[in-house]
Every structure is written in C-alpha cells, then in structure tokens.
Amino acid sequence: MDKKEFKKFGYEFVDWVADYLDNVGEYPVCPDVNPGEIKKELPEQAPNKGEPMDKIFKDFKSKIFPGMTHWQHPSWFAYFPANNSPPSVLAELLTAGMGAQCMIWKTSPAAAELEEVVMEWLRGMLGLPKEMVGVIQDTASASSLVALLTAREKTTGFSSNIKGVKDPLVVYCSEEVHSSVEKGAKIAGFGKENIRIISTDKDFALIPEELEKAILEDRNKGFKPCCVIATSGTTSSSAIDPLDEIGEICGRHHIWLHVDAAYAGTAAVLPEKRWVLKGVEYADSFVFNPHKWMLTNFDCSAYFVKDPEALVRTFEIHPEYLKTGVDSEVKNFRDWGVALGRRFRALKLWFVLRYYGIEGIQEMVRKHIKLAQFFKGQVEDSEHFELMAPVPLSLVCFRLNDGRSQDELDKINRKLLEEVNQTGKLHVTHTTLKGKYVIRMCIASRTTQEQDVKNAWKIIKEKAEQILTEPSI
Ligand SMILES: *Cc1c(COP(=O)(O)O)cnc(C)c1O
C-alpha cells in the first residue's frame, strides 16, 4: 500500500470511527445473529491474490460490523464496561503505526520510561502506598496470575521455579472472587483443591475470622498458606472485602496479599471513595483495570507490587540474545510478567490521563455513581422490585419480587432479563448472590447520560409489569 492509498483510507476510517462513536447509541446493543452465521459468510481460505481495500472495507461494514456487540453504547449496563475514548483510540493508531515492540528498554526506550511514569501517576491518583511500583499487564487475569506465581516463589524461597511445586501451597479467597483466580491457581500449579473458598457476610464481603480459621486449620494439617486474594469491588455485586482486617491477618501469618480491584480501583480517584482501598497498604500486590472504568481501550491492566525484586526474580530470564549493556540501569519489563513481547500500552494511558486530567476522570466517575444511586432509588421506591446488594459505587443488583417462591422468582427474573435485552435498547447481565438469580445494572460507560438510565428503568418496569400480569410460568 503506497502512502497515497494509506492516507485516503486512513482519513476515511477516522471519519467512520468518529461517526460510529457519535451514532453508537442508535444500534441494537447486541447483534441479532445465530452461532455460525458470520463464519458461513466468509471464505474458507485466504485469497491467493491481494484484494483492493475498498472491497475489504465494504465487507467489514456488511459482514463483520453487523455481528459486533456495541460495548461503547450509552445503554451498555452489562458486566463491567470496557470503555474506550477518542484520545485513547488516536494513541492506538500511533502505536500501531510505529509497530512498537516493548519487551525490554533497548527495544523501545521511551515506551519503557513512559510506562514507569504513567504507573507512578496512577499510583498517586489512587493513593497507593509510596513503595509500590507498577507495570502494565494485558488483563487483571494475567496480573493475578503474576501475583500467584510471585507469592509461590516467595513462599518456597524461589525453589518452585527450580524444582517444581513440592509443597502443598494454599490460596485463600472469598466465594465472590473472580473466576480468573481459579484459572490462575491452576496455571500456577497450586491445584484447584488447594484453593480455600472463604464465606462472605450479608454484604458479600469476605469474613476475616473465617479466613484466619482456615489458615490455622491448614497449618495444623501441614499445608502451607501462601496467598490471599482479596477483592475490592467483586464482579457479582461490587462488594468490598475488608482489606485492613485481611491485611493484618496476612501480616501476622506472613502470607502474600493480592488485592483485585479490577473495576472498583478507579473509584479511588475520588477522595470521598478512597475508602474502597482502605487497608491497601497491607497489600503485596494490587491490580486495577484502566481498560474498564478509566477510558483506556482494551487492553490495559495496572499491576503494582511492593517488592519488585521478588517479581523480577520470579520471571527473569537471561538468554544471550537479549542481553544489553544497560540492563542494570533500566527496567526490562519482559521480566515483570508472562509474555516476552509487549505492546506499547503506556502511550494510550498517557494520552487519556493528559487529555482528561485527574479532574475529568473524577467527574465521569462521580457522574456514574450518581446515576447508579438514582437507579437504586427507583428500585427501592418500586413496589415489586428489591435491591439485592449494597451499592457502594455504580453497580446495582436487583430483582423483581412479588412474593413467589424462590424458584419462581428465579424464573421470572430470567425472563425479565431476556425480554429487556431483546428490545436491543439496553444490555444488562445477571449473576447469582447466595443462590438467588439477580439482575446486574452497571452504570459506567463514558457515553451514558441520565436519559439513558431513565429509559432503561422505564423499559425494565414495563417488561416487569407485563410479566407480573401473565399467568404463572
Ligand atoms: C473484570 C474483572 C476481572 C477480569 O479482568 P480481565 O482484565 O478481563 O482479566 C478480574 N477481577 C475482577 C474483580 C473483575 O471485575
């Protein structure tokens, strides 16, 4: 592709993306496609001869785009968000243009140094302990895996890397922990049976006394307590585990404490919400996702550790072909995680933090929290709805309840979710809390306005009224 053609399509694509971001609210949030439908439209083999860009772009618009889910939709209330923003998208264009590879300092010095700078900015913005040092990982799942591996090495005096895992090491987390922790514990060689699931209180937060009891029991039986994973902002209900009490227990028993704040970490940019990280000074490692609630398009996960030496000692490799003369003076981030090759994620984060500023991000987070509190009020004031968990931030868990049996309630709420989502006008997802089917409404998309939340509530209420008047299902 010559420069002229590149520019022609480059300008066209930027126009397309700008219009898309403007109009995204007009599409059904989820595409109406059946499994296999899109694959069927596409050739089984790559073309022998190159094809013209206008034809490729046309097929993108007619075959691929209609099968996409619109995560940037103003009525995206599902899961947690994966926000992008125009400055972040523009930075990604520059990154792709440079084709940067950031495995070590030498392979992209500015990328390595900018990563140090933006992580230091984030540390300050969230009020994390001064001694914490940051690195960007792809996802919170990978960050938690890195934490588990480092905890494993530290607990075994760095011998598991040499001899394999010999000790019966144990991981502790609450029943509300993210599924990535089980995955990570399996990958890191702990084994699923060595994950202790600690029960939660009425607000779905880990009970510290239960944690300590489990640790002592394991010690008595000859197991080695290794790592506790606490969550600030659980995925199901945004419950906040008591980090200070958990941290105190970890300190006494010399157990690695990893804090997963993938979604809720961003809220700590607000002085009035800093408490969501109360006790984080006890943490050995901490993760939150700028790719969720901080306008940096996927992927970008911010991982912080207190003891970077233990981290590097867990991951470092010294093949001859990667040795450089400056290794002792710089950070080679290949030794700070699983992958060797690394994308230039710091650039988009730098663009976002500079473009919006701390105040811009605070303003957005405050707005989302306010809208969620408004929605919570609607639920509470409504005869047939009930709130199913506290709403410390911007996630509201609720269900329809007209006094039927538990089974029947699960059924009508499942039906409500389906019918609401079928309108295409909004997207919400579900979870279960203590066995009960619950609808999750997370208000954290950059494009969401008050009217979108009001419309969502109106649709939910209308569908609920219909369901309640139907004969029992
Ligand atoms: C979203 C989420 C994760 C997983 O994040 P990825 O970056 O997709 O791996 C982990 N923990 C919690 C609490 C989450 O909300």
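The values are calculated or read from the model by the stated rules, or taken from the named source; none is laboratory data. In this text the structure is predicted, and so the values were computed from the model without any measurement. Please note: Cβ atoms are built from the backbone with ideal geometry, for glycine as well, and neighbour counts cover all protein chains shown. Surface areas here come from the heavy atoms of the whole protein model, side chains and all, with no ligands, DNA or RNA. Shrake-Rupley method; radii C 1.70, N 1.55, O 1.52, S 1.80 Å.
First select every other residue whose beta carbon is under 12 angstrom from the beta carbon of residue 143; then total the charges, Lys and Arg +1, Asp and Glu -1. Don't skip to the end; give the middle numbers.
Details: positive: none; negative: 138, 260, 299.
Overall, the nearby charge balance is -3.
Compute the FRET efficiency between residue 330 and residue 2 as 1/(1 + (r/R0)^6), taking r as their Cβ-Cβ distance and R0 = 41 Å, and round to the nearest 0.05.
For residue 330 and residue 2, the calculated efficiency is 0.60.
To the nearest 20 debye, what charge dipole does the stretch 289-361 have about its Cα centre, counting +1 at the Cβ of each Lys and Arg and -1 at the Cβ of each Asp and Glu?
Computed charge dipole of the stretch 289-361: roughly 320 debye.
Show me the trypsin sites (Lys or Arg not before Pro) within the stretch 96-130 that DSSP assigns to loop and that have at most 13 other Cβ atoms within 10 Å of their Cβ.
130
Tell me which of 98, 75, 50 sits at the most positive position along the dipole axis of the stretch 21-151, charges placed on C-beta atoms (Lys, Arg +1; Asp, Glu -1).
Farthest along the dipole direction, towards plus: 50.
Summing +1 for each Lys or Arg and -1 for each Asp or Glu, what net charge is found among the other residues whose Cβ lies under 13 Å from the Cβ of residue 53?
Net of charged neighbours comes to 0.
Could you give the size of the charge dipole of the chain about its Cα centre, using +1 on the Cβ of each K and R and -1 on the Cβ of each D and E, expressed in debye and rounded to the nearest 20?
760
Take the alpha-carbon centre of the stretch 413-467, take the same for the stretch 116-191, and report the distance between them in whole Å.
Each part's Cα centre sits 34 Å from the other's.
For the stretch 1-160, what is the convex hull (Cα atoms) projected area averaged across all directions, in square nanometres? Mind showing how you got there, number by number?
Working: hull surface 61.5 nm².
Over all viewing directions, the stretch 1-160 projects a mean Cα-hull area of 15.4 nm².
Would you mind getting the accessible area per residue of the stretch 173-299, heavy atoms of the protein chains only, 1.4 Å probe, in Å²?
37
Using Cα-Cα distances under 8 Å and only pairs 6 or more residues apart, what relative contact order does the chain have, in percent?
Contact order relative to length: 21 percent.
Just list whichever of 183/415; 61/454; 183/331; 292/411; 273/376; 192/221 have alpha carbons separated by over 23 Å in the model shown.
183/415; 61/454; 183/331; 292/411
Taking 41 Å as R0, compute the FRET efficiency from the Cβ-Cβ separation of residue 158 and residue 272 and round it to 0.05.
It comes to 0.45.
For the chain, what is the mean residue ellipticity at 222 nm derived from helices alone (per DSSP H run of n ≥ 4: -39500 (n - 2.57); sum divided by total residues; nearest 500 deg cm²/dmol)? Mind showing how you got there, number by number?
Details: 15 runs with 203 residues, N = 473.
Counting only the DSSP helices, I get -13500 deg cm²/dmol.
Given R₀ = 45 Å, what would the calculated FRET efficiency be for residue 40 paired with residue 381, taking r from the Cβ atoms and rounding to 0.05? Can you show the working numbers first?
Values: r = 48 Å, r/R0 = 1.07.
Plugging the Cβ-Cβ distance into 1/(1 + (r/R0)^6) gives 0.40.
Post the alpha-carbon centroid distance, the stretch 240-276 to the stretch 61-82, in whole angstrom.
32
Rank 304, 355, 315 by how far each Cα sits towards the positive end of the charge dipole of the stretch 225-368 (+1 on Lys, Arg Cβ; -1 on Asp, Glu Cβ) and give me just the farthest.
It is 355.
Is the C-alpha gyration tensor of the stretch 172-239 telling us rounded, prolate or oblate? Criteria: a/c under 1.5 is rounded; beyond that, a/b larger than b/c is prolate, otherwise oblate.
Oblate, since a/c reaches 1.5 and b/c is not below a/b.
Distances longer than 41 Å among the Cα atoms of the chain: what percent of all pairs is that?
Percent of Cα pairs beyond 41 Å in the chain: 24.
What shape does the stretch 253-316 take by its C-alpha gyration tensor, where a ≥ b ≥ c are the square roots of the eigenvalues and a/c under 1.5 counts as rounded, a/b above b/c as prolate, and the rest as oblate? If you can, show how the numbers build up before the last one.
Values: a/c = 2.96, a/b = 1.31, b/c = 2.26.
Oblate.
Tally up the carbon and sulfur contribution to the accessible surface of the chain as a whole percent, 1.4 Å probe, everything protein left in place. Walk me through the intermediate numbers first.
Numbers: 11980 of 22490 Å².
Summing carbon and sulfur atoms, their accessible area is 53 percent of the total for the chain.
For residue 450 and residue 186, calculate 0.36 nm times their separation in residues minus their Cα-Cα distance, and state this gained length in nm to one decimal.
Taking residue 450 through residue 186 to full extension adds about 90.8 nm, to one decimal.
Just the number please: accessible area per residue for the stretch 375-473, 1.4 Å probe, all protein chains included, in Å².
Result: 44 Å² of accessible area for each residue.
Find the accessible area per residue for the stretch 46-94; the probe is 1.4 Å, ligands and nucleic acids are left out, and the unit is Å².
Spelled out: the 1.4 Å probe surface of the stretch 46-94, per residue, equals 54 Å².
Taking the simple approach of a point 7 Å from Cα along Cα-to-Cβ for both residue 18 and residue 217, what is their distance in nm?
6.2
Under the rule a/c < 1.5 gives rounded, and otherwise a/b versus b/c splits prolate from oblate, where does the stretch 314-362 land using the Cα gyration tensor?
Prolate, since a/c reaches 1.5 and a/b exceeds b/c.
Of 371, 384, 280, whose Cα points farthest to the positive end of the dipole of the chain (charges on the beta-carbon: +1 Lys, Arg; -1 Asp, Glu; origin at the Cα centre)?
Positive-end residue among those listed: 280.
Treating only the Cβ of Lys, Arg, Asp and Glu as charged (+1, +1, -1, -1), what charge dipole size does the stretch 321-461 show about its Cα centre? Round to the nearest 20 debye.
Computed about the Cα centre, the dipole is about 560 debye.
With the crude spin-label approximation of a point 7 Å out along Cα→Cβ, what separation in nm comes out for residue 418 versus residue 175?
So the label points at residue 418 and residue 175 sit 2.7 nm apart.
Once the other residues with Cβ under 13 Å from the Cβ of residue 313 are scored (Lys, Arg +1; Asp, Glu -1), what is the net sum?
Combined, the nearby Lys, Arg, Asp and Glu give -3.
Cα atoms only: what Rg and Dmax, in Å, come out for the stretch 196-302?
Here Rg and the maximum Cα pair distance are 14.5, 47 Å.
Pick out, in residue order, every one of the chymotrypsin sites (Phe, Trp or Tyr not before Pro) in the stretch 1-99 that is DSSP loop and has at most 13 other C-beta atoms within 10 Å; say none if there are none.
For chymotrypsin sites (Phe, Trp or Tyr not before Pro) across the stretch 1-99 that sit outside H, G, I, E and B with at most 13 neighbouring Cβ atoms in 10 Å, the list is empty.
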